[in-house]
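Asks: Dumping the structure here so I can ask a few things about it.
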């Protein structure tokens, strides 16, 4: 190549290189522009979300759950502030330090927590623990790790722990109702859930931020129940005593107001403790979910049907066949107490299976079915509780002659304890069946009335005169029949015992029985219907020997508290001479009660509690004059009180059992009771991580 040609070639080569460079740069610029468009417009949401993960977190915030109260306004369940801990695995510096600190306060094991953190390393929020008491959470205040998130949450607390636990139900860790009233009214109680947006500032710490994603949680409604906490506590204490002494597997006590249908007490054994969270089976609401053959308690329904139909009358004579009757299908009906010729009243008093089998035959399947149905058997009561069973009531065409005979004394039919209580409530209420209910009022967070439940009449089952005749016959059961163990001197009581074999593996067991007693008090004008039922008692199988004494002790305990006896009309003022009659009264024990409760007790018997402020956070530790003193009506009682958080040094000796139990619950302690009546001695102990007080009582 000549020099002239080389000189002319170099500019052309440089020009070509310049053009190539320009093209490459243009393509790169275009690619950048395209990428900007893709990132800024097409994939904007994705990249924005990834960016937000680095500097913000969105946390759900539950509204304050509504309060549950008894009929007197006493708080049964409420929400208390706690601390919940969460972790951002992407920001945490030392997960091991946090895990071991949490383990030291007894929340969970460090190994379990570290495994959970490792499994959530791709997330930016994972719960460590929920609902830690404030005093425990304070031990973690020294940890300064940007990945540790502290939140204040409201946790459900049951003020009296196991009291009415099955009926109240409980909530899960997120505050959602999972049983009882908590489940049935969950939507109303929990309110609305809000969302809190948090942003990261220096050193990775989180602080609240306000944007369109933040919403306020709203508190839920509060519910006032028909329950009476004092009556509930009596029922639970006496039921626990009976289950323990008889070796029963379980037990139930229901107390119903027959004129309104209000459920006043609903006690269960085994008990469920909210603090210990024992087996979920103990949380089962047996009074509405479990069915039993009523046995001899059904005889009152058969008697009512026979009287209403004119097929029998109290003095009509029946042949008891000497206690044994062979049916046409080869089965044998026997009586525990053999009878010859006897009146219907005597047959009911001595619980003759043979006489009531004959009555059922005379009534016929259709008539007996109609009356059983009208009394509420085989139909849900529609009380405001979840899981209610319908019961079993076979159609007339499904009953052969032999089955009809056995139905006459409570076999081949099944009901819940609540259905049985409602049927007897109709007898107590002059033949009128009322719809049972447990919710009195529902109130908004600001106190406005949302809903109010009132007594609801279902139907007139039998004429009032027939109901009065049946009550008179049932009174004879207690006075001279199988229910004498329910008798209380000076208080007329009507009731019926029941002893039913249980169906086990295809046949009736010779070992497993349901012992029951249904009573109404006072018999002349019943104010309460009480069902006591023991499942598989071992000391004695008969309802008259096991369930009837339980009924008696409940009524006696009720009468021992003047304001309760007067509130429910068990006795009149003139019938309580030692408590409230005349111009003088006996000073009741109010030590161990909160101020509000003490004022109520003193006022109920006509004493002046003074001008001490109405404060449920202070506890009465001394009173003057002392309990048991006889003073003139209207006398002022001097009370010394202390804050609830400083009562641990106070003595429990001499307190009535229920006062001592309430006293211990305020200290957050579990209670074990030996005996009943008044606390004679006690001691504190620790069972695992739980503090427990053992109360030794005697009457």
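Asks: So if R0 is 51 Å, what FRET efficiency would residue 373 and residue 603 give, r being the distance between their Cβ atoms, rounded to the nearest 0.05?
Replies: The formula returns an efficiency of 0.65 here.
Asks: Rank these for me by crowding, 236, 632, going from fewest to most other beta carbons within 10 Å.
Replies: Lowest to highest Cβ neighbour count: 632, 236.
Asks: Within a 10 angstrom radius of the beta carbon, how do 508, 513 rank from fewest other beta carbons to most?
Replies: Lowest to highest Cβ neighbour count: 508, 513.
Asks: Another question, if that's okay. Between residue 139 and residue 450, how many nm apart are label points set 7 Å from Cα along the C-beta direction?
Replies: 3.8
Asks: In terms of the ratio Rg/(2.2 N^0.38 Å) built on C-alpha atoms, what value belongs to segment 411-477?
Replies: 1.51
Asks: Another question about this same structure. For segment 383-530, what value does the Rg/Rh ratio take when both radii are computed over Cα atoms and Rh is the Kirkwood radius, given to two decimals?
Replies: Result for segment 383-530 is an Rg/Rh of 1.04.
Asks: Could you grab the relative contact order for segment 293-346? Cα pairs under 8 Å, six or more apart, rounded to a whole percent.
Replies: For segment 293-346, the relative contact order is 34 percent.
Asks: A further question follows. For residue 509 and residue 315 in one chain, what is 0.36 nm times their gap in residues minus the Cα-Cα distance, to one decimal in nm?
Replies: Result: 66.3 nm gained on full extension.
Asks: Expressed in nm to one decimal, what extension gain is obtained for the pair residue 20 and residue 112 from 0.36 nm per residue of sequence separation less their Cα-Cα distance?
Replies: Full extension of this stretch gives 26.9 nm more.
Asks: Provide the FRET efficiency to the nearest 0.05 for the residue 45-residue 380 pair, computing r from the beta carbons and using R0 = 41 Å.
Replies: The computed FRET efficiency comes out at 0.20.
Asks: To one decimal place, what orientation-averaged projected area in nm² is obtained for the convex hull of the Cα set of segment 229-567?
Replies: It is 17.8 nm².
Asks: Quick one: 134, 434, 533, 91, fewest Cβ neighbours within 10 Å first, how do they rank?
Replies: Sorted ascending by nearby Cβ count, the order is 134, 91, 434, 533.
Asks: Give me the percent of Cα-Cα pairs in segment 365-453 that sit more than 20 Å apart, rounded to a whole number.
Replies: So the pairs more than 20 Å apart make up 47 percent of the total in segment 365-453.
Asks: Assuming R0 = 35 Å, can you tell me the calculated FRET efficiency for the pair residue 37 and residue 93, based on Cβ-Cβ distance, to the nearest 0.05?
Replies: With a Förster radius of 35 Å, E is 0.35.
Asks: What is the extension gain from residue 127 to residue 259, computed as 0.36 nm multiplied by their sequence separation minus the C-alpha to C-alpha distance, in nm to one decimal?
Replies: So the extension gain works out to 42.5 nm.
Asks: Here's another thing I want to ask about it. Calculate the length of the line joining the C-alpha centroid of segment 486-535 to that of segment 348-389, in whole Å.
Replies: Value for the Cα centre distance between the two parts: 15 Å.
Asks: Can you give me the Cα centroid spacing of segment 127-176 and segment 80-113 in angstrom?
Replies: If we compute the Cα centre of each part, the gap is 14 Å.
Asks: Residue 178 label point, 7 Å along Cα→Cβ, cut-off 18 Å on backbone N: hits in segment 70-87?
Replies: 78
Just so you know, all these numbers are worked out from the coordinates, no wet-lab data involved. Small disclaimer: the values here were computed from a predicted structure and weren't measured. Positions of Cβ are generated from backbone atoms using ideal geometry, with glycine treated the same way; all protein chains shown enter the neighbour counts.
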